[in-house]
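The values are calculated or read from the model by the stated rules, or taken from the named source; none is laboratory data. The structure presented is a predicted model; accordingly, all values stated were derived computationally and were not measured. Every residue, glycine among them, receives a Cβ derived from its backbone with ideal geometry; neighbour counts consider all protein chains shown. Just so you know, the surface numbers come from the protein's heavy atoms only, side chains and all, with ligands and any DNA or RNA stripped out. Shrake-Rupley method; radii C 1.70, N 1.55, O 1.52, S 1.80 Å.
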Amino acid sequence: MKNIIDIEIVVPNQTRYLSMIGKIGENVARELDRFKGDREALAHHLNVVLTEGVVNAIKHANAADPNKEIKIRISASNQEICIKIYDSGQGFDLTNVPDPSFESDQLGEKGRGIFIIRSLMDSVEYKKNNGGNVLEMKKKLG
């Protein structure tokens, strides 16, 4: 029997839905039948990357326009979790996002979310997709 989870969510472009999206990520981690690693750590990581990715889509890609929507797709198999966050913004080059400055007492805001996502996931891509963009994040489970 294949253990596959495939969830698609569309929410208004508003930060009030961040907690709900993060909790869905946590629940996906807890439902993986064959995952042998630290389930609570994975749940926390999925919450963080979903929250950071959706915040970036709301603030930057969709310019905080409450009339726009964010689409999130979470797919999980026994081998991998893939999270896609779709936006309708101009897009950007992921390779040009600098790591935040750690030299001051405050963590720099610029690039912080992408830095966190890259540190928690195995692969991160941002590319054009059907008139918009998609942030694709993958985590190997095996």
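Below are the figures for this structure:
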{"quantity": "Neighbour net charge for residue 10 - beta-carbon separation under 9 angstrom, K R +1, D E -1", "calculated": "-1"}
{"quantity": "Distance between modelled label sites at residue 60 and residue 7, nm, 7 Å Cα→Cβ extension", "calculated": "2.4"}
{"quantity": "In order through segment 33-49: 3J(HN,Hα) via Karplus (6.51 cos²θ - 1.76 cosθ + 1.60), integer Hz, x for Gly, Pro", "calculated": "4, 9, 6, 9, x, 6, 4, 5, 5, 4, 4, 5, 4, 5, 4, 5, 5"}
{"quantity": "Around residue 83: net Lys/Arg minus Asp/Glu count, Cβ-Cβ under 12 Å", "calculated": "-2"}
{"quantity": "Around residue 124: net Lys/Arg minus Asp/Glu count, Cβ-Cβ under 12 Å", "calculated": "+1"}
{"quantity": "Per-selection Rg to Rh, segment 5-140 - Cα, Kirkwood hydrodynamic radius", "calculated": "0.96"}
{"quantity": "Amide proton proximity set for residue 141, modelled H, under 5 Å, gap of 5+", "calculated": "80, 81"}
{"quantity": "Percent carbon-and-sulfur accessible area, segment 5-140, ignoring ligands, DNA and RNA, probe 1.4 Å", "calculated": "47"}
{"quantity": "Calculated FRET value between residue 16 and residue 41, using beta carbons and R₀ = 35 Å, to 0.05", "calculated": "0.85"}
{"quantity": "Cα-centre dipole for segment 5-140 with unit charges at Cβ (Lys and Arg positive, Asp and Glu negative), debye to 20", "calculated": "260"}
